[in-house]
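What follows is a set of notes on a single structure, which appears directly below.
The values are calculated or read from the model by the stated rules, or taken from the named source; none is laboratory data. Keep in mind it's a predicted model, so treat the numbers as computed, not measured. Because the Cβ atoms are built from the backbone with ideal geometry, glycine has one as well, and the counts that use them run over all protein chains shown. Accessible surface is based on the protein model in full, side chains and every heavy atom, while ligands, DNA and RNA are left aside. Shrake-Rupley method; radii C 1.70, N 1.55, O 1.52, S 1.80 Å.
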Amino acid sequence: MGTSGLAYRAICLVGVMALCLVAGVARADPSPGFGLYVGPVYSSDTSVYGSGHGLAFGADAQFVYNEAWTLSPYLSFTDETSDSSVHVVELTGGLQARRWFGQWFLGGQYLFHSTFLTRSGQTLSGAIGPSLGLVGGWESDNHWSVVVQADALEGAGFSWFNGNGNRHDVRVLIGYHWY
């Protein structure tokens, strides 16, 4: 899956979530707490390894700003394999600003990442830097949630905006929040 395919899927997903929000807007009432997540990750880096897939793990803490906004610092770890037998490991840490619409949310995230690529136990390359991303999701009354994160990494700037980027990833996470 190429970069444009990942971007297209992320845009479609955000559009579907926006339609769901418009159809069922209710009073937002997010709560502070701690969450753990797990789910698949799909990535693309056309200049190095092609497409990758694997498993993502994450944790966040949610702080309520007001009834409609929360700030969520988070940490995430991915373990992926690629089409070209490259093993991809990525560590990210960032801050999400979430706008709540009842049980649904949309937001943006600013993050730092460390990406390491290996093949047959030999390190190929590593990259560290800042990035921007989109986040959206839903949380049930019993604290289970689904979160979708789409990030654009690498490049001289923020790669979705200037075309200089290499790695893009999308995570679909299922998790639980403790309040």
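Brief remarks on what is shown
- Yes/no for Ser76 being open to solvent by less than 70 Å² (accessible area, probe 1.4 Å), in contact (Cβ under 8 Å) with a residue 24 or more places away in the chain, of a type outside the set (Asp, Glu) and outside any strand (DSSP E or B): no
- Residues in the range 39-72 that are part of a strand (DSSP E or B) and either aliphatic (A, V, I, L, M) or loosely packed, with under 15 Cβ neighbours inside 10 Å (or both): Val41, Leu55, Ala56, Ala59, Ala61, Phe63, Val64, Leu71.
- Residue count, the range 117-155 (criterion: polar (S, T, N, Q) and crowded, with 20+ Cβ neighbours inside 10 Å): 2
- Test set (1) at pLDDT below 95; (2) more than 18 Å from Val146 (Cα to Cα) - His53 fails condition number: (1)
- Selection from the range 79-137 of residues that are aromatic (Phe, Trp, Tyr) and either touching a residue at least 60 places away in the same chain (Cβ under 8 Å) or over 19 Å from Ala61 (Cα atoms) (or both): Trp100, Phe101, Trp104, Phe105, Phe116
- The range 88-109, residues that are closer than 20 Å to Asp45 by Cα and open to solvent by 70 Å² or more (accessible area, probe 1.4 Å): Leu91
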